[in-house]
Amino acid sequence: MTEPSRYSVVEPDEVWESFFSVAPLVLVGTLESDGAPDIAPKHQATPLGSHGLFGFVCRPDHSTLRNAVA
């Protein structure tokens, strides 16, 4: 008689179907080059350390990211 395995194979898609995470929705405010405000909702935002840095998800072609790194 074989002993049952302590491990099982779980496909990645199966894990995410039953996993829920809570991520904040924040408003990121930047200024366009002409001084106009640019306010954009961002999710999966998080503080980065204790020095006032903050990370968020954004596509490189969005003006929010271009303004933030300018």
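The residues of the chain expose, per residue, 90 Å² of accessible area to a 1.4 Å probe. With volume of the Cα convex hull per residue in Å³ in mind, check (i) 102; (ii) 84; (iii) 157 and report the label derived from this structure. Label of the calculated value: (iii).
Here is how the number arises for the chain: DSSP H runs of 4 or more residues each give -39500 (n - 2.57), the sum is divided by the residue count, and the result at 222 nm is -4500 deg cm²/dmol. Pairs of Cα atoms nearer than 8 Å and 6+ residues apart set the relative contact order; for the chain it is 23 percent. Accessible surface of segment 31-70, 1.4 Å probe: 60 percent of it comes from carbon and sulfur atoms. In this structure the amide hydrogen of PHE54, modeled in the peptide plane, comes within under 5 Å of the amide hydrogens of LEU48, none closer than 5 places in sequence on its chain.
Projected label points at ARG6 and SER50, each 7 Å from Cα along the beta carbon direction, are separated by 3.9 nanometres.
Under a 5 Å amide H cut-off, with hydrogens placed 1.01 Å from N, GLU32 pairs with ASP38 among residues at least 5 apart or on other chains.
The values are calculated or read from the model by the stated rules, or taken from the named source; none is laboratory data. Source: prediction; values computed, not measured. Reconstructed Cβ throughout: ideal geometry from the backbone, glycine too, with neighbour counts over all protein chains shown. For the accessible areas, the whole protein counts, side chains as well, though only heavy atoms, and no ligand, DNA or RNA atoms are used. Shrake-Rupley method; radii C 1.70, N 1.55, O 1.52, S 1.80 Å.
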